[in-house]
Amino acid sequence: MKEAMFYELRDKDKGIIRCLLCPKECLIKEGRVGFCRARKNIDGKLYSLIYDKVSSYGLDPIEKKPLYHFMPGTLVLSLGTVGCNFSCPFCQNWTISQGTVENVPVEELSPERAVQLALENNSPGIAYTYSEPLIWYEYVLDTARLARKNNLKNILVTNGFINEEPLLQLVPFIDALNIDLKSFQNSFYQKYCQGSLPPVLRTIEITHSCSHIELTNLLIPGLNDSEEELKKMVDWISSLSEDIPLHFSRYFPGYKMEIEATPISTLYKARDIAQKKLKYVYLGNIWDEEANSTYCGNCKRLLIRRTGYKIINLGLDKNGKCKYCGEQVAQV
């Protein structure tokens, strides 16, 4: 265990702690854990139960994150722990995100060993993913600092639900993020995630200003796929930048939600709406080469063809510009 960052003692006599990492700001009694099940009050101090505990790791295509405009075609060392500060009934990784170190097999992996693994496997960086990496804060921060010293990139795949102060301390070490924008309705976040939308939007605003970001929106029939909501979301994203890549992902029933899978037509409709304001829009969880390939935002010529996780560079020069019209593509 490692003492956690970002907490305060609220009631010394009763030993009650307030965690300040995420907007839930859990009040945690002695011997209890917060909502994420990863941070525990022990003798009036808050400890991370998951500091160097890894439930999953491997070399993944960067496109699997999904990141289509950051080091395309590379394999990146990907690490995950257990726990989450949301409890979405449609979670695809619920066996680890809703688990604990007591009921999910984990291995110890120090930050030093994680960096060594990345270097040994010629990975250009480390992705913190699978479960929610922001509740793994202390480990991610220590590992990201060490990775940066070794010229490795740091990638977060996250729900973006974090308080501003810890985010500002972490983001200087983060090169790229895929942030899951689950809906553009606060009521959706409250009902289905036990969270809220404004902190996620603030995370997107902050990280967009200093890192490469891409967004993913899982479309669930009847819950977050209305034309009105999609237009509001796209308008907001484009107000930050028309260059932010947006991935619409197909929902499939599982865990605690049995709504039928998203119709393919819904994804194409969402893409049509988004392409009116955004240059780069993709469709995930479907096998469609055209819907996952990158086209120039200016001349619309095919630049990167994707077949599954395999890519062919057809139109990008070494400076990330379109070979056909010279447009600078939002690309790292």
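Readers should treat all values here as calculations from the given coordinates under stated rules, not as data from a laboratory. What you see is a predicted model, and the numbers here were worked out from it, not measured in a lab. All Cβ positions, even for glycine, are placed from backbone atoms using ideal geometry, and neighbour counts span all protein chains on display.
Some notes on this structure:
- Loop-located GluC sites (Glu not before Pro) in region 207-307 (DSSP state not H, G, I, E or B) with no more than 11 neighbouring Cβ atoms inside 10 Å: GLU258, GLU260.
- Karplus-derived 3J(HN,Hα), 6.51/-1.76/1.60, for each residue of region 270-277, Hz, glycine and proline x: 5, 5, 4, 5, 5, 5, 6, 10
- Given charges at beta-carbon only (K, R positive; D, E negative), |dipole| of region 2-48 in Debye: 180
- Charge tally around LEU109: other residues with Cβ under 9 Å, Lys/Arg +1 each, Asp/Glu -1 each, net -1.
- Amide H to amide H distances under 5 Å link THR216 with ILE179, ASP180, LEU181, HIS247, where only residues 5 or more positions off or on other chains count and H is placed in the peptide plane.
- Working note: 222 nm ellipticity from helices only, DSSP H runs with n ≥ 4, each -39,500 (n - 2.57), summed and divided by the residues of the chain, gives -6500 deg cm²/dmol to the nearest 500.
- Segment GLU260..SER241, full-extension length gain: 3.5 nm, with 0.36 nm per residue of separation and the alpha-carbon distance subtracted.
- Kirkwood estimate for region 1-146, i.e. one over the average of 1/r between Cα atoms, Å: 16.0
- The Stokes-Einstein estimate for region 2-48, based on a Kirkwood radius over Cα pairs and taken at 37 °C with 0.692 mPa s viscosity, is a diffusion coefficient of 328 µm²/s.
- Degrees, to the nearest 10: 227-240 long Cα axis against longest axis of the chain: 90
- Whole-Hz ³J(HN,Hα) from phi, Karplus 6.51 cos²θ - 1.76 cosθ + 1.60, for region 42-57, glycine and proline x: 10, 6, x, 10, 9, 10, 7, 7, 10, 2, 10, 9, 10, 8, 8, 7
- Checking every one of the chymotrypsin sites (Phe, Trp or Tyr not before Pro) in region 143-240 against DSSP loop status and a limit of 16 other Cβ atoms within 10 Å picks out no site at all.
- Rounded to 10°, Cα long-axis angle of helix 111-120 versus longest principal axis of the chain: 30
- Considering only LEU316, LEU77, LEU21, the mean-square fluctuation computed in a Gaussian network model of the chain, springs between alpha carbons under 10 angstrom, is largest for LEU316.
- Contour excess over end-to-end distance, with Cα ends at GLU227 and GLN190 and 0.36 nm allotted per residue: 11.2 nm
- 0 to 90° range, to nearest 10: angle between helix 137-149 axis and the chain longest Cα axis: 60
- Checked against a 21 Å cut-off, the cross-linked pairs LYS24/LYS65; LYS65/LYS256; LYS191/LYS269; LYS65/LYS232; LYS24/LYS191; LYS40/LYS149 give Cα-Cα distances beyond that limit for LYS24/LYS65; LYS65/LYS256; LYS191/LYS269; LYS65/LYS232; LYS40/LYS149.
- Once you reduce region 277-308 and region 78-149 to the center of their Cα atoms, the two points are 29 Å from each other.
- Average projection, convex hull of the Cα set of region 172-244: 4.9 square nanometres.
- Environment charge of GLU227, counting only residues whose C-beta is closer than 11 Å and scoring Lys/Arg +1, Asp/Glu -1: -1
- Rounded to the nearest 5, the antiparallel percentage of DSSP beta bridges internal to the chain is 55%.
- Projected label points at ARG113 and ASN298, each 7 Å from Cα along the beta carbon direction, are separated by 5.0 nanometres.
- Pair-distance distribution P(r) for the chain, from all Cα-Cα distances in 10 Å bins starting at 0: 6, 25, 35, 24, 8, 2, 0 percent.
- Among residues other than CYS193 with Cβ under 14 Å from its Cβ, the summed charge is +2 (Lys and Arg +1, Asp and Glu -1).
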